[in-house]
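Please read the structure below before turning to the comments.
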Amino acid sequence: VRYDEPLWPQQLRNRVLDSITTDYVVFIDNDIQVAPNWLDRLVACADETNAGIVGPLYLWGDGQNKPKIHTYTGTLTYINTPQGTVMTEIHDLMNTDPEAVVSQLVRKPCDFVEFHCMLLRTGVLKKMGGLNPNILNVHEHIDTALSMKQQGYTVYTEPAAQITYLA
(Lines give C-alpha, C1' and ligand atoms only; values in the text may rest on other atoms or scores of the structure.)
Protein backbone atom coordinates (compact mmCIF):
# COMPACT_ATOMS: atom_id res chain seq x y z
CA VAL A 1 0.00 0.00 0.00
CA ARG A 2 1.37 3.38 -0.91
CA TYR A 3 0.26 6.82 0.22
CA ASP A 4 1.67 9.98 -1.26
CA GLU A 5 1.10 12.20 1.76
CA PRO A 6 3.45 11.91 4.75
CA LEU A 7 1.91 9.88 7.56
CA TRP A 8 3.13 8.76 10.98
CA PRO A 9 3.50 4.99 11.51
CA GLN A 10 0.34 4.69 13.64
CA GLN A 11 -1.66 6.57 11.01
CA LEU A 12 -0.43 4.19 8.32
CA ARG A 13 -1.18 1.10 10.37
CA ASN A 14 -4.69 2.32 11.17
CA ARG A 15 -5.37 3.27 7.58
CA VAL A 16 -4.83 -0.30 6.34
CA LEU A 17 -6.63 -2.00 9.24
CA ASP A 18 -10.06 -2.17 7.58
CA SER A 19 -8.61 -4.05 4.60
CA ILE A 20 -7.07 -6.82 6.73
CA THR A 21 -9.22 -9.96 6.78
CA THR A 22 -6.76 -12.49 8.24
CA ASP A 23 -6.70 -13.66 11.87
CA TYR A 24 -3.33 -12.01 12.34
CA VAL A 25 -1.51 -9.00 10.98
CA VAL A 26 2.25 -8.49 11.02
CA PHE A 27 3.73 -5.03 10.96
CA ILE A 28 7.37 -5.19 9.88
CA ASP A 29 9.92 -2.54 9.02
CA ASN A 30 11.48 -2.32 5.58
CA ASP A 31 15.03 -2.75 6.89
CA ILE A 32 14.59 -6.26 8.27
CA GLN A 33 16.09 -9.60 7.27
CA VAL A 34 13.97 -12.56 8.33
CA ALA A 35 15.19 -16.05 9.24
CA PRO A 36 13.51 -19.12 7.73
CA ASN A 37 10.09 -20.01 9.18
CA TRP A 38 9.87 -16.77 11.18
CA LEU A 39 6.19 -16.21 10.39
CA ASP A 40 5.09 -19.81 11.03
CA ARG A 41 6.77 -19.66 14.43
CA LEU A 42 5.10 -16.37 15.39
CA VAL A 43 1.68 -17.71 14.39
CA ALA A 44 2.27 -20.98 16.26
CA CYS A 45 3.16 -19.04 19.40
CA ALA A 46 -0.01 -16.94 19.13
CA ASP A 47 -2.14 -20.03 18.50
CA GLU A 48 -0.61 -22.04 21.34
CA THR A 49 -0.59 -19.27 23.97
CA ASN A 50 -3.63 -17.20 22.89
CA ALA A 51 -1.31 -14.18 22.94
CA GLY A 52 -2.60 -10.92 21.53
CA ILE A 53 0.87 -9.87 20.37
CA VAL A 54 3.95 -11.93 19.54
CA GLY A 55 7.41 -10.68 18.68
CA PRO A 56 10.50 -12.56 17.49
CA LEU A 57 14.02 -12.47 18.82
CA TYR A 58 15.19 -9.10 17.55
CA LEU A 59 18.77 -9.10 16.37
CA TRP A 60 20.56 -6.09 14.97
CA GLY A 61 23.55 -5.64 12.79
CA ASP A 62 24.83 -4.35 9.49
CA GLY A 63 24.03 -7.42 7.39
CA GLN A 64 27.73 -8.25 7.07
CA ASN A 65 28.93 -9.06 10.58
CA LYS A 66 27.44 -11.41 13.14
CA PRO A 67 24.37 -9.72 14.66
CA LYS A 68 23.79 -9.17 18.36
CA ILE A 69 20.56 -9.15 20.31
CA HIS A 70 18.57 -5.92 20.05
CA THR A 71 15.69 -7.17 22.23
CA TYR A 72 14.87 -10.58 23.62
CA THR A 73 12.03 -9.50 25.88
CA GLY A 74 10.87 -6.03 26.72
CA THR A 75 10.47 -5.26 30.42
CA LEU A 76 8.73 -2.24 31.90
CA THR A 77 9.69 -0.94 35.33
CA TYR A 78 7.73 1.53 37.41
CA ILE A 79 9.26 3.92 39.94
CA ASN A 80 7.14 6.05 42.23
CA THR A 81 8.48 9.57 42.66
CA PRO A 82 7.03 12.66 44.36
CA GLN A 83 6.09 13.91 40.87
CA GLY A 84 4.30 10.67 39.93
CA THR A 85 5.09 7.26 38.51
CA VAL A 86 7.94 6.96 36.03
CA MET A 87 7.91 4.05 33.60
CA THR A 88 11.11 2.88 31.93
CA GLU A 89 11.69 0.24 29.27
CA ILE A 90 14.44 -2.34 29.32
CA HIS A 91 15.56 -4.30 26.27
CA ASP A 92 16.57 -7.58 27.89
CA LEU A 93 19.91 -9.05 26.75
CA MET A 94 20.60 -6.04 24.53
CA ASN A 95 23.94 -6.22 22.68
CA THR A 96 24.50 -9.83 23.79
CA ASP A 97 25.83 -12.51 21.44
CA PRO A 98 22.79 -14.80 20.95
CA GLU A 99 25.01 -17.90 20.91
CA ALA A 100 26.30 -17.03 24.39
CA VAL A 101 22.79 -17.11 25.89
CA VAL A 102 21.03 -19.66 23.69
CA SER A 103 19.79 -21.66 26.72
CA GLN A 104 18.04 -18.52 28.06
CA LEU A 105 16.18 -17.85 24.81
CA VAL A 106 12.82 -19.48 25.47
CA ARG A 107 9.28 -18.50 24.54
CA LYS A 108 7.74 -16.48 27.36
CA PRO A 109 5.39 -13.63 28.19
CA CYS A 110 6.86 -10.15 28.37
CA ASP A 111 5.77 -6.55 28.78
CA PHE A 112 6.27 -5.44 25.17
CA VAL A 113 7.77 -6.26 21.80
CA GLU A 114 8.70 -3.84 19.05
CA PHE A 115 7.17 -2.71 15.78
CA HIS A 116 10.34 -3.71 13.92
CA CYS A 117 8.32 -6.94 13.58
CA MET A 118 5.09 -7.48 15.53
CA LEU A 119 2.29 -10.00 15.04
CA LEU A 120 -1.12 -8.93 16.41
CA ARG A 121 -4.58 -10.49 16.55
CA THR A 122 -6.52 -8.56 13.93
CA GLY A 123 -9.92 -8.95 15.64
CA VAL A 124 -8.66 -7.61 18.95
CA LEU A 125 -6.90 -4.74 17.22
CA LYS A 126 -10.14 -3.81 15.44
CA LYS A 127 -12.13 -4.19 18.68
CA MET A 128 -9.71 -1.74 20.32
CA GLY A 129 -10.54 0.74 17.57
CA GLY A 130 -7.06 0.45 16.07
CA LEU A 131 -3.85 1.89 17.38
CA ASN A 132 -3.57 5.15 19.26
CA PRO A 133 -3.07 7.81 16.55
CA ASN A 134 -1.93 10.37 19.13
CA ILE A 135 1.32 8.52 19.76
CA LEU A 136 3.26 9.61 16.73
CA ASN A 137 6.56 7.84 17.15
CA VAL A 138 8.98 6.03 19.47
CA HIS A 139 6.77 4.51 22.21
CA GLU A 140 3.82 3.24 20.19
CA HIS A 141 4.96 -0.35 20.80
CA ILE A 142 4.54 0.12 24.56
CA ASP A 143 1.12 1.73 24.23
CA THR A 144 0.00 -1.09 21.92
CA ALA A 145 1.19 -3.77 24.36
CA LEU A 146 -0.50 -2.06 27.32
CA SER A 147 -3.72 -1.65 25.32
CA MET A 148 -3.68 -5.33 24.34
CA LYS A 149 -3.21 -6.30 27.98
CA GLN A 150 -6.22 -4.14 28.91
CA GLN A 151 -8.22 -6.34 26.53
CA GLY A 152 -7.12 -9.42 28.53
CA TYR A 153 -4.41 -10.67 26.16
CA THR A 154 -0.76 -11.39 26.79
CA VAL A 155 2.34 -10.33 24.90
CA TYR A 156 4.87 -13.05 24.08
CA THR A 157 8.35 -13.30 22.71
CA GLU A 158 9.11 -16.26 20.46
CA PRO A 159 12.89 -16.55 20.01
CA ALA A 160 12.49 -19.48 17.61
CA ALA A 161 11.41 -16.75 15.19
CA GLN A 162 14.32 -14.43 14.44
CA ILE A 163 14.69 -11.22 12.50
CA THR A 164 17.67 -8.95 12.02
CA TYR A 165 17.12 -5.21 12.15
CA LEU A 166 19.69 -3.60 9.83
CA ALA A 167 20.45 -0.69 12.15
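Carbon-plus-sulfur accessible fraction, the chain (probe radius 1.4 Å, protein heavy atoms only): 50%.
A straight line joining the Cα centroids of region 113-167 and region 79-102 runs 17 Å.
For the chain, the residue among ALA46, PHE115, GLN11 whose Cα projects farthest onto the positive side of the dipole built from Cβ charges is ALA46.
Below 11 angstrom from the Cβ of GLU89, what's the summed charge of the other residues (Lys, Arg +1; Asp, Glu -1)?
-3
In this structure the amide hydrogen of TYR156, modeled in the peptide plane, comes within under 5 Å of the amide hydrogens of ILE53, VAL54, GLY55, CYS110, none closer than 5 places in sequence on its chain. Taking K and R as +1 and D and E as -1, what net charge do the other residues with C-beta under 13 Å from the C-beta of ARG41 add up to? Neighbourhood net charge equals -3. The charge dipole of region 1-151, taken about its Cα centre with unit charges on the Cβ atoms of Lys, Arg (+1), Asp and Glu (-1) only, comes to about 320 debye. The residue list PRO67, LEU93, VAL124 was ranked by how far each Cα lies along the charge dipole of region 63-131 toward its positive end, using unit charges on Cβ atoms, and VAL124 comes out on top.
Computed with a 1.4 Å probe over protein heavy atoms only, the accessible surface of the chain comes to 54 Å² per residue. Of the residues ILE135, ILE53, the one with the largest accessible area comes first in the ranking ILE135, ILE53, computed with a 1.4 Å probe on protein heavy atoms. Taken about its Cα centre, region 16-65 carries a charge dipole of about 100 debye when Lys and Arg each add +1 at the Cβ and Asp and Glu each add -1 at the Cβ. Going by accessible surface with a 1.4 Å probe and the largest first, GLU89, GLU48 read GLU48, GLU89. Each Lys and Arg Cβ is given +1 and each Asp and Glu Cβ -1; about its Cα centre, region 65-167 then shows a dipole of about 340 debye. Projected onto planes of every orientation and averaged, the convex hull of the alpha-carbon atoms in region 13-78 covers 6.6 nm².
Largest first, the three principal axis extents of the alpha carbons in the chain are 46, 41, 34 Å in whole numbers.
Summing Lys and Arg as +1 and Asp and Glu as -1 over all other residues whose Cβ lies under 14 Å from the Cβ of GLU140 gives a net charge of -3.
The values are calculated or read from the model by the stated rules, or taken from the named source; none is laboratory data. In this text, all values refer to a predicted model and were calculated from it rather than measured experimentally. When we count neighbours, we look across all protein chains shown, and the Cβ atoms used for this are built from the backbone with ideal geometry, even at glycine. In case anyone asks, the SASA skips ligands and DNA or RNA and just uses the protein heavy atoms, side chains included. Shrake-Rupley method; radii C 1.70, N 1.55, O 1.52, S 1.80 Å.
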